[in-house]
1. In what sequence, highest mean first, do 230-242, 313-325 appear when ranked by Cβ atoms within 10 angstrom?
2. Give, as a single signed number, the net charge of other residues whose beta carbon lies under 15 Å from the beta carbon of residue 416, with Lys and Arg counted +1 and Asp and Glu -1.
3. Less than 28 Å apart at the alpha-carbon level, and either on another chain or at least 8 residues along: which lysines does that give for residue 19?
4. Could you check how much of the accessible area of the chain is carbon and sulfur, as a whole percent, using a 1.4 Å probe?
5. What is the packing order of peptides 83-92, 179-188, taking the mean over residues of other C-beta atoms within 10 Å and listing the highest first?
6. Students often forget the sequence filter, so: which lysines lie under 16 Å Cα-Cα from residue 285 once same-chain residues fewer than 8 apart are removed?
7. In straight Cα distance, which aspartates and glutamates are under 18 Å from residue 188, not counting same-chain residues fewer than 8 positions off?
8. Nearest 20 debye, what's the magnitude of the dipole of the chain about its Cα centre given +1 on Lys and Arg Cβ and -1 on Asp and Glu Cβ?
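The values are calculated or read from the model by the stated rules, or taken from the named source; none is laboratory data. None of these values were measured; they are calculated from a predicted model. All Cβ positions, glycine included, derive from the backbone under ideal geometry; neighbour counts span all protein chains shown. Surface areas here come from the heavy atoms of the whole protein model, side chains and all, with no ligands, DNA or RNA. Shrake-Rupley method; radii C 1.70, N 1.55, O 1.52, S 1.80 Å.
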Amino acid sequence: SAKCGGCGPGYATPLDAMKGKFFSSKGPREEIVYLPCVYRNTGIEKPDYLATVDVDPKSPHYCQVIHRLPMPNLRDELHHSGWNSCSSCFGDATKRRNRLILPSLISSRIYVVDVGTDLRAPRIHKIVEPVELFWKGNVANPHTSHCLGSGDILISCLGDPSGNGKGGFVLLDGETFEVKGNWEKGGKVPSLGYDFWYQPRHNVLLSTEWGAPKILADGFNPADVEKGHYGRCINVWDWSTHTHLQSIDLGKGSIPLEIRFLHNPDAAEGFVGCALSGGVHRFYKTEKGDWAAEKVIEVPSKKVQGWLLPDMPGLITDILISLDDRFLYLSNWLHGDIRQYDISNTCKAKLVGQVFLGGSITRGGPVTVVEDKELKSQPEPFVIKGKRVQGGPQMLQLSLDGKRLYVTTSLYSGWDKQFYPDLVKEGSVMLQIDVDTERGGLEVNKNFLVDFGKEPDGPALAHEIRYPGGDSTSDIWI
């Protein structure tokens, strides 16, 4: 930071982050990552914990969990995480990226973790109890947290305290981490919530919809889609007034999950992945000034026997965009593949890389594919370092320079248990994919495996990946 003078956390621009400006002389290579690890629904009566994993190839502890921070409660379902400050605070030299915000999807507790005192051994700084969300915001089931340029922290929620769907938000004070109340204003709040991204240069926040918490808590029933308990819209909010402006309907049964603007803060477009419909939609600002969406990627369902339904969707559960806005990556949790698309032309995504890492359609398993519009044969089971990987690729995180894609295999414990019972028994893994950033292309790093099936308290379900220095999915430039 000495080169930067009076700057705050993060980087001035996405391309600065990609080049590793203001890093130490080691450059932008990540050395450790943090992952929430879940025991809910595994039969192991232990609290969820935050794992610190060494990902430095030069380290004697490469691919090892070097620290575990257990939470003080059982069955929280740690899920996603965010920072107290990031590149949105770059102009404020008083801010530091030293607290990791860990919302609990099921208990509605929010843990504030101190990663500033000892980067490799985080400790709990503060606990925001569920009653704070219930009383001050009438919301529950917090999901995505993003730091704001104001210093506050904005967290989206899935529901109300009774488990019904409600797409509201809470604001946390960035210094005290007290709940300040709701972010949204006005009478209109969407019936469902999930992820969000904001872009002040276009005075907009966009949010997505998963499902009603009490419906999805313990598994997926296709009939609930027909009943309207799962989402289908991108919700458009006015950034300055915090009011709901518009809902963009992506179709019945689409279930839009992760939403990502392009990183360039001038860009008035981005992408959202739809889990059940297998589509990625480009959203964009129209000439009239409102927002619209068009499908630019479609992963066709496969006709199968021996599964829950006769048609198996890919279940796009995560997407991310490289910091130079050139590539989009998506994970097909059920089919078992990760795909890389060139999005230089955002209207015409071009498939340039694909790799299979398990999934439900592997050869020799209970599912037989009877009709497939893409593959000539069912993929082989994925084995690395002698371990057969259970589950499918799920959470993605890309190194700042875009050359290493990290992936974990657990979606959410209630759905893991239903779709991949062996994953719950054997634990999830973290893998690393080498990326060709010139022409496109993906290749598994055969030397990299973090096996959460070998954890001291038993197999755990590791979820989202965060780097201490910021990453492709948490930093927003304003």
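1. So the order, starting with the most tightly packed, is 313-325, 230-242.
2. Summing Lys and Arg as +1 and Asp and Glu as -1 gives -3.
3. 3, 58, 95, 348, 350, 403, 446
4. So the carbon and sulfur contribution to the accessible surface is 48 percent.
5. The most tightly packed comes first, giving 83-92, 179-188.
6. 295
7. Partners within reach: 160, 209, 238, 249, 290.
8. 400 debye
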